[in-house]
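Remarks on the structure that follows.
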Amino acid sequence: MTEPGGTPLLELRGVTKTYGGVQALADVGFAIQPATVHALVGENGAGKSTLVKIVTGVIHPDDGELLIDGAPTRVGDPQAAHRLGIVAMYQEPTVFPDLTVAENVFAGRHPRSGVRTVDWRALRIEASRILDELGVDFGPDTPVRGLGVADRQLLEIAKALSSSARLLIMDEPTAALSPNEVENLFATVRRLRERGVAIVFISHRLEEVTLIADTVTILRDGRHVATQPAAELSHGAIVRLMVGRSLDALFPKEEAEIGDVVFRAGGLSRGGVFSKVSFELRRGEIVGLAGFVGSGRTEVARSIFGIDPLDTGRLWIEGEEFRPRSPRAALRRGLAYLPEDRLHQGLVQPMSVGKNVSMAVLPELTPGGFLRPRRERALARRFMNQLRIKATSPAQIVRSLSGGNQQKVVLSKWLAADPKILILDEPTHGVDVGTKADVHRTISHLAAQGLTILLISSELLEVLGMSDRILVMREGRLVAEIGRAEATQERVIAAAAGVAEAAA
Amino acid sequence: MTAARAIALRLLARWETLLVVAIVGAGIWSTTLSPFFLKRANLLDLVTPYIFIGLMAFGLTFVVVAGEIDISIVSNMAVSVVCFAQVFDAGVNVWLAALIGLVVATVLGLVNGALVSVLDLPSLAITLGTMAAYAGLAYVILSGEGVASFPSGYTKIGGGYIAGNELPIALPVILAVAVVLGIVLHATRFGRYVFTIGSNREAARFSGIPVMRVRMAVFAASGLMAGLAGVVYVGYFGSARADAGTGSLLDVVTAVVLGGVDIFGGAGSMLGVFLALVLVAELRNGMQLANIQGDTQDIVIGGLLLAAIVAGNLVRRAQTGRFRVRPLRLGRKEVIAHDAADALMPSKLAPQNLKGR
Amino acid sequence: MNFPLRRTSAQSLASAVFRLREIGILFALGAAVAFFAIRAPNFLSTGNWQGIAQNVAIVIVVGVGETLVVLTRNIDLSVGSIVGLTAYLSAATFAHHTGASVALVALIAIAIGFGLGLVNGLLVAVARVPAIIATLATLAIYRGVDVQITGGGNITAYQLPDRFLKLASTKPVGVPTLAWIAAGVAIVGAAAVRWAPWSRDFYAIGSNPEAARFAGIPVGRRVITAFAISGALAGLGGFLFASRFPTVDAVAAKGFELDVITAVVIGGVNVFGGSGTMLGVVLGALLVATIQDGFTLLRISEFWRLFFNGFAIVVAVTIDALVTRRLQEALRRRRAEALAARHLEAGT
């Protein structure tokens, strides 16, 4: 720990950033001391990623300034950040699948020998050293093509460690790691701290935050709420500061009448991804599917919707067997899936709102194969009103909408298909608070009308608030089923992490 | 900037407007070279030698809008030409032989489509390979010298005239094809699927669009149009040779790209491609008047192709920065068209339950 | 602990697959040689092999440059036109200045090729024209310039000095000079992609352009470099082409880019970029040249060659993609099994 009087390594003053009408950050200011682990916590959409992007020079603040070693500094681009010793480890791994682990670690800055050629020996030795330090079980010569998500995450950490960083930003580094790997990572983080490196640690797992962090900064809705020594904060206090309001206000769950079983999955398996997943969904029920990133939640949903093939297992919809051959077949049987990646899987950005909304129901809208623009517009209008989409007309291009309105467009697309079972994968990821409430209200309302919903979410409070029942996955298996009455944050996390329930 | 100026700029920024301006400009240039250019006969005949190129460009448009490329299209036409000729030479009726040429070309297009969509291989590499393979095939099939004894009743469709011997038959033919394909691309579900897949294949698949079938279909369409181009080619030149159309790939690709079709997929219009074809034909005609050789003309056409992409990139970048929308796309036109239509047709009259049928 | 074991198994699987590629070509080459040796009487004669070596030499020289471009997930279709143009310019220089130094003319040809390649690189990296379109256009443009310069004429062997023609005709140690030059270029190329830090960037760029940018690799500059080198080697190729086929006109080396791309793709350079070796390219070129030579000896139509080239590209691309997918799947599965086993150990 450093004495509070020292010059901070990085200080933010009045940092503000607005995206397409949504305030991502408002007047944020705090300081990061050298040789500390500084945790950054907040709900999804609280502004953590925006903050990281500003510090690493990916985007620039509308207002406010960054001070490095006490001097105001402009971080022009990621390379400039690199030169300043600011290194970020991104949530989504950016690896080179054709190259070996060692070359990935040193891509773009190979160690060189005297005659400016690549020093392969040094490359391998250096990479081995870093990998050993991390305690991973793959070697420097392993082809990256064969590594899974968790391994790639570790590789990403190795990359960050290999550079001489003064400030290392780790965005959800543990999301896909096993407890063992997390331990190794924390040991490494502590070693780095002893060397004087400041680490910004972003995580949703509060146990980890209190375990590793010296200081905690809490953001909420783009505002700075508190920066305090970790020792002074209990879990409860952090959650209160993060949420800032009671659960019920955030998630207005309507009471729905729960009917018969409409969907049944028996023994679903897909090699190396998930195995023996069985569950039932009832009419009017909202079932939460919790688990850490990489636990197989999304993969199960993709297979049910016919995107990835199943190895074994059977599905029934309303008692009739259903084979998920393609998304088209699934749609016909009343299944809809709102994917987690809105940008690439959910929307066609350069197309209009109207075209996006009608995308999944075009066959019904176009008898004889000819487009009926008027019907498409009417359909879009209906949902623009129903979901309060802020767009000037159905002809507005989706790209120009805010994230929240874009997500409503995706939701409209699936509701237009009039499904019986709706799978929602991270439906409120990266949307503002107002939209979040709209989405929650819509979900709850739909369930009350008899729609069956499977809600996949990394946000525990969302799952707890919305679900009638919670299924928890860990490492490709369904490990727990918790009723609404018994569901608590601790229970869900314990099941997802595979540890004995801590006495909270 | 005043509102009037903004509207003027927006109109100017439409790709098709620019093409029309370029066509007029090139016309003026041609007139200065030779007063013969403005003669009705020359104007009407301007496009005739490029009909087969236009047909292939129309076919390629579907492929490029879907986010793929088919550089085997010209070789495919050569195969269809020689198949047609061989079958005809064996004594089959000329129209039946032409039909067989069409079928062969469609099948070759389907081969590309199957490799690209079923096996999910890169269309660039695959059609580069089939470009060579089909070209070789054309020579192999037509082992002899070539066939040149087509009946005049047939050659009329490529080189004949109607309406007082002035209007080349080919002109109404290509106009009709352009209109039909324009409707297919812009007003049908299939066309929408093509645009959607070209904009975001992943999202299209997640939305239940039969991506594999549509991708297959665009390559089949490209093959069919290559076959049609072959039929017209034989009609126009009155002979079939294995090197039919050699060197016209540049013109075909230029017509498509210059026509405003986004080379990365997802945007483009049949009208633009048609206008670009007219422009290319006009420029070649003008250069002929100026006594510029064919290969030297290629320098100009190649430059035009590069300029079209660079200009498109520049405009796109400038406008993306400012409005966060992609310009030069149908989107912009729709805003205007839709609003006008909405004024006439209140949305209240829309069918309430669309899933009902 | 048996982690080290697992390491080697994953490694060896991957490297075995890559070696498999080269072994596969060798095997095909052996099969082709055996087939033609039986069917074509003089296939195994020294003279015939020297002919193959001469034919393959220029393809290898140009192929080394093309490889760099393809590694970055681009393609250069204009190499045929660059070879044609520089071939004519080299020949014309000798025709007008009989006393010109061979090395100097070679340098001029390389410099011209470099400039033309630079134009390609700028079009792709700066003007953001997709490589296939950019080089399709420059293919036409460079050929058009060639036609302008030749003005329909040609240059014949007797206008050229013997010093220049000897490049193709002499055979030190029984191997044609052209082949020695090609071997030199291939070795330098192989060394470069192995040892030069900037050329390792080509692999990174082709493997994941976005990640390359994140890693601080100057992507644009590297792509320009790849195209410029490709152009320069095509220039050298043109110079050699003129000594091998001394009657040079405006259609010289037309379609040559297909031979080059076939060799590169058969040689195992992934069309998606990111992987490939110079040894593979050399073997690919040898395979193409051997089969074409065999076709000629068997009096099989010239045009089957064209068909074969295209067919080979399609087959190579298909096999490549399928093998890569299988390999990825196999590696993933192994890794998943290893992890499951480890969790089991930890659990008990």
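Derivation of every value follows stated rules applied to the coordinates shown; laboratory data play no part. What you are looking at is a predicted structure, and each value in this text was computed from that prediction instead of being measured. Backbone-built Cβ (ideal geometry, glycine too); neighbour counts: all protein chains shown.
Each of C:Leu306, A:Leu84 was scored by other Cβ atoms within 10 Å of its Cβ. Arranged with the fewest first, they read A:Leu84, C:Leu306. Gyration tensor over the Cα atoms of the range A:451-497: the corresponding equivalent ellipsoid has semi-axes (square roots of 5 times the eigenvalues, largest first) of 16, 13, 10 Å. Please label the shape of the range B:78-143 as rounded, prolate or oblate, based on the square roots a ≥ b ≥ c of the eigenvalues of the alpha-carbon gyration tensor (a/c under 1.5 means rounded; beyond that, a/b larger than b/c means prolate, else oblate). Judged from the Cα gyration tensor, the range B:78-143 comes out oblate (a/c at least 1.5, b/c at or above a/b). Restricting the range A:9-117 to trypsin sites (Lys or Arg not before Pro) that sit in a DSSP loop and have at most 12 other Cβ atoms within 10 Å of their own Cβ leaves A:Arg74, A:Arg116. Dimensions of the range C:37-82 from C-alpha coordinates, computed as largest minus smallest value along each principal axis and given longest first, are 42, 20, 14 Å.
Around B:Phe219, what is the net charge, scoring Lys/Arg as +1 and Asp/Glu as -1 over all other residues with Cβ under 12 Å from its Cβ? Computed value for this residue: 0.
3J(HN,Hα) along the range B:116-132, derived from phi through the Karplus expression 6.51 cos²θ - 1.76 cosθ + 1.60 where θ = phi - 60°, amounts to 6, 8, 6, 8, 6, 9, x, 5, 4, 5, 5, 6, 5, x, 5, 4, 5 Hz, with x in place of Gly and Pro. Using Cα-only point scatterers and the Debye equation, what is log10 of I(q)/I(0) for the range A:390-504 at each q in 0.10, 0.13, 0.15 Å⁻¹, rounded to two decimals? Log10 I(q)/I(0), no solvent term: -0.37, -0.59, -0.75. Of the cross-linked pairs A:Lys48/A:Lys159; A:Lys48/A:Lys413; A:Lys355/A:Lys413; A:Lys17/A:Lys413; A:Lys390/A:Lys413; A:Lys355/A:Lys390, which ones have a Cα-Cα span greater than 19 Å in the structure shown? Table pairs above 19 Å Cα-Cα are A:Lys48/A:Lys159; A:Lys48/A:Lys413; A:Lys17/A:Lys413.
Note on the range C:12-162: Rg/Rh from C-alpha atoms, Kirkwood Rh, equals 1.06. Hand me the trypsin sites (Lys or Arg not before Pro) from the range C:218-313 located in a DSSP loop with no more than 10 other Cβ atoms within 10 Å, in residue order please. The qualifying sites are C:Arg299.
Averaging over all projection directions, the Cα-based convex hull of the range A:283-398 occupies 9.5 nm² in the image plane. Across chain C, how large is the tail of the calculated P(r) beyond 37 Å, expressed as a percent of all Cα pairs? The answer is 23 percent, as a whole percent. Summarised in one figure, the compactness ratio Rg/Rh of the range A:326-389, Cα atoms and Kirkwood Rh, is 0.97. With only the Cα atoms considered, the range A:18-134 has a convex hull volume of 172 Å³ per residue.
Each part gets one Cα centre, and for the range C:162-236 versus the range B:248-262 those centres are 32 Å apart. Scaled against 2.2 N^0.38 Å for its residue count N, the alpha carbon radius of gyration of the range A:207-354 is 1.40. Annotation for B:Leu44 and A:Thr7: the two label points, set 7 Å from Cα along the Cα-Cβ direction, are 8.6 nm apart.
Using a simple spin-label model with pseudo-atoms 7 Å out from Cα toward Cβ, B:Thr188 and C:Thr247 lie 5.2 nm apart.
Each other residue within a Cβ distance under 10 Å of C:Thr296 adds +1 if Lys or Arg and -1 if Asp or Glu, for a net charge of 0. Using the Karplus relation 6.51 cos²θ - 1.76 cosθ + 1.60 with θ = phi - 60°, the per-residue 3J(HN,Hα) values for the range C:224-240 come to 4, 4, 4, 5, 5, 5, 4, x, 4, 5, 5, x, 4, x, x, 4, 5 Hz, with x marking Gly and Pro. Once backbone amide H atoms are built at 1.01 Å from N, A:Phe30 has A:Leu12 as its partners under 5 Å, excluding neighbours fewer than 5 places away on the same chain.
The share of Cα pairs per 10 Å bin across the protein assembly as shown, counted from zero up to the longest distance, runs 2, 9, 16, 20, 20, 16, 10, 5, 2, 0 percent. With 20 Å bins beginning at zero, the pair-distance distribution over Cα atoms of chain A amounts to 21, 53, 24, 1 %. Report the calculated FRET efficiency for B:Asp243 and C:Asn42 (r = Cβ-Cβ distance, R0 = 45 Å), to the nearest 0.05. Once the sixth-power term is evaluated, E becomes 0.90.
3J(HN,Hα) couplings calculated from phi for the range C:139-154 with the Karplus curve 6.51 cos²θ - 1.76 cosθ + 1.60 (θ = phi - 60°) are, in sequence order, 3, 5, 5, 4, 5, x, 4, 4, 4, 3, 5, 5, x, x, x, 8 Hz; Gly and Pro show x. Projecting label points 7 angstrom from Cα along Cα→Cβ for B:Ile162 and A:Glu486 puts them 8.1 nm apart. Rg over Rh for the range C:73-148 works out to 1.05, using Cα positions for both radii and the Kirkwood form for Rh. Residues whose amide H comes within less than 5 Å of that of A:Asp311, counting only those at least five positions distant or on another chain, are A:Ser269, A:Arg270, A:Gly271 (H built at 1.01 Å from N in the peptide plane).
Note on C:Arg326 and C:Ser169: the extension gain reaches 51.8 nm, defined as 0.36 nm multiplied by sequence separation minus the Cα-Cα distance. At full extension, B:Val20 and B:Ala290 could sit 95.0 nm farther apart than now, given 0.36 nm per residue minus the alpha carbon distance.
Equivalent ellipsoid of the range C:109-194: semi-axes from √(5λ) of the C-alpha gyration tensor, largest first, are 30, 23, 9 Å. Per residue of C:268-275, other chain Cβ atoms within 10 Å of the residue Cβ number 3 on average. Just checking the listed ones, C:Leu178, C:Leu85, C:Leu26: in the Gaussian network model of chain C with Cα springs under 10 Å, the one fluctuating most is C:Leu26. Based on the Kirkwood approach, the hydrodynamic radius assigned to the range A:277-326 is 12.2 Å, with every pair of different Cα atoms included.
Taking a Cβ cut-off of under 14 Å around B:Leu258, the surrounding Lys, Arg, Asp and Glu residues balance to a net charge of -3, with basic ones at +1 and acidic ones at -1.
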